[in-house]
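The values are calculated or read from the model by the stated rules, or taken from the named source; none is laboratory data. Because the structure is predicted, anything quoted here is derived from the model rather than measured. When we count neighbours, we look across all protein chains shown, and the Cβ atoms used for this are built from the backbone with ideal geometry, even at glycine.
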Amino acid sequence: MFFDERPKERREDLFDREEEVEAIKGGIGRPMIVLTGIRRIGKTSVLKVALNEIDRPVVLIDARSLGEEYSRRVLYACVAEGLKSSLDALKEVLSRVRGVRIAGMEIELSWKGREALSLAQLFDALDKKGAVIAVDEAQRLRGPLSTEFVEAVAHAYDYAENLTFIFTGSEVGLLYDFLGVEDPESPLYGRYFLEVKLERFTREQSLEFLKEGFKQAGKKPPLPLEEVVDALNGIPGWLTFFGCRCLEGKCDVGEVLRLAVKLAKAELEKLLRNRSRRCRLVLRAIAEGARNWSSVMRYVEEKEGRTVSKSVLYNAIKALEDMSIIRNYRFLDPVYREAAKLLR
């Protein structure tokens with residue numbers, strides 16, 4: 001069902017992403033695939049559909065469960081959870097790895113002491129089964145232990161013949177920063193990877209998505225869909241949100257947008273929690289129509305009542321671009337633009 005708000009796992013429930021699914025499946029066997037796209041564009045759905053169509057053990061690590069300053073215990077718990085989905089297929093090789101303990105369908109990983117697990121050794125073991133290691137929202141791995149993880153990936157890139165890593169990320173700049181493929185100091189510097197990029201739906205695709213979604217539910221669209229499509233600008237997650245609300249009998253475009261903006265504002269607050277107040281001011285400036293450096297600078301200085309250095313403003317704008325919220329003084333998601341106007 002197109003209007004199921006959960007990530008899709010079957011191709012028949014996924015609208016118009018055949019090319020991207022096939023690109024991922026065709027890349028299996030290469031060392032590294034990177035799947036990018038803004039929030040609510042459908043990365044997790046595309047990833048899960050592709051992984052369900054390959055005949056390999058899959059380790060799916062959800063990095064969203066990591067905190068800002070995650071510990072080794074939290075990291076290894078996240079990896080252990082990812083190993084569970086293919087534990088039957090991997091049990092034999094994993095049982096030989098120091099620091100791994102398997103009891104039935106449960107797995108424990110040691111992170112300290114003489115029996116501490118080495119991620120490089122873990123990846124070597126998974127290579128014997130030709131596993132696919134997928135890390136959803138991989139930029140969340142940035143932090144004090146990111147080097148340990150990246151070095152293990154670099155080891156596997158060089159020595160594992162059958163292992164494939166798939167990294168997804170909504171915050172594209174931060175994802176590349178984590179991987180370090182353009183950083184001479186990174187173990188992965190200069191390594192080739194296959195990039196699969198998800199784009200928003202076109203206006204025609206958005207209309208077709210909504211029409212087919214209502215058709216699957218056995219209902220007719222209760223109102224003209226053009227206004228909805230124009231407001232949500234091809235973001236599949238928001239279109240699905242609208243469809244779900246309509247199926248619940250709450251098909252009020254204004255109310256749906258109000259709820260979407262409220263949700264987007266909460267997400268922005270979380271993203272900006274450890275950022276300077278100037279990031280908020282930059283977002284508000286762009287949301288209210290600033291379209292170049294000088295107009296953003298003028299807005300921020302007027303709000304603060306003081307001069308702002310060029311380097312400080314540059315860092316704020318770059319941080320917001322790295323988080324894939326804005327690009328070239330435009331919001332990538334119109335709902336986030338409206339949410340930014342409410343920031344304080």
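For the structure I just gave you, tell me whether Val100 is at pLDDT 95 or above and more than 25 Å from Pro187 (Cα to Cα).
So Val100 fits the description; yes.
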From Ile54, Ile38, grab the single residue that is under 23 Å from the mean Cα position of the chain (by Cα), aliphatic (A, V, I, L, M) and within 19 Å of Leu175 (Cα to Cα). Ile38
For segment 235-252, name all the residues that are crowded, with 19+ Cβ neighbours inside 10 Å and outside any helix (DSSP H, G or I). Ile235
Answer yes or no: is there a residue in segment 146-163 that is crowded, with 16+ Cβ neighbours inside 10 Å, hydroxyl-bearing (Ser, Thr, Tyr) and touching a residue at least 40 places away in the same chain (Cβ under 8 Å). yes
Filtered residue count, segment 59-70, keeping only those that are surrounded by fewer than 18 Cβ atoms within 10 Å (Cβ to Cβ) and in contact (Cβ under 8 Å) with a residue 12 or more places away in the chain: 5
List pairs: first residue in segment 171-182 and in the same structural domain as Gly42 (by TED's automatic domain parsing), second residue assigned to a loop (DSSP other than H, G, I, E, B) and among the β-branched types (Val, Ile, Thr) anywhere in the structure, Cβ distance under 9 angstrom, at least six positions apart or on different chains. Glu171/Ile325; Val172/Ile38
Selected residue [outside the structural domain of Ser45 (by TED's automatic domain parsing) and out of contact with any Lys or Arg (no Cβ under 7 Å at 6 or more places or on another chain)] from Glu288, Glu248, Glu321: Glu248
Within segment 153-166, can you find the residues that are outside any helix (DSSP H, G or I) and not acidic (Asp, Glu)? Ala160, Asn162, Leu163, Thr164, Phe165, Ile166
If you go through segment 13-26 one residue at a time, do you hit one that is under 30 Å from Gly113 (Cα atoms), assigned by TED's automatic domain parsing to the domain that holds Arg140 and touching a strand residue (DSSP E or B) at 6+ places or on another chain (Cβ under 9 Å)? no
A careful count of residues in segment 278-312 that are crowded, with 16+ Cβ neighbours inside 10 Å and closer than 19 Å to Arg337 by Cα gives 15
Can you pull out the residues in segment 305-338 that are assigned to a loop (DSSP other than H, G, I, E, B), charged (D, E, K, R) and more than 17 Å from Ser170 (Cβ to Cβ)? Arg306
Being in contact with a Phe, Trp or Tyr (Cβ under 9 Å, 6 or more places away or on another chain), of a type in the set (Asp, Glu) and either at pLDDT below 95 or part of a loop (DSSP other than H, G, I, E, B) (or both) is the filter here; which residues of segment 167-222 pass it? Glu182, Asp183
Considering only strands (runs of 3 or more DSSP E) wholly within segment 36-115, the ones with at least 2 residues that are within 21 Å of Arg142 (Cα to Cα) are 58-62
Any residue at all in segment 329-338 that is surrounded by fewer than 18 Cβ atoms within 10 Å (Cβ to Cβ) and closer than 27 Å to Tyr176 by Cα? yes
Filter segment 142-184 for residues that are in contact with a Leu (Cβ under 6 Å, 6 or more places away or on another chain) and of a type in the set (Gly, Ala, Ser) and give the result. Ala152, Ala154, Ala156, Gly169, Gly180
Scanning segment 116-152 residue by residue, the ones that are in a strand (DSSP E or B) and among the β-branched types (Val, Ile, Thr) total 3
Restricting attention to segment 183-219, which residues are surrounded by fewer than 17 Cβ atoms within 10 Å (Cβ to Cβ), of a type in the set (Ser, Thr, Tyr) and not assigned by TED's automatic domain parsing to the domain that holds Glu151? Thr202
Matching entry among Glu255, Glu302, Glu267 (being in contact (Cβ under 8 Å) with a residue 24 or more places away in the chain, among the acidic types (Asp, Glu) and either more than 23 Å from Val229 (Cβ to Cβ) or part of a helix (DSSP H, G or I) (or both)): Glu267
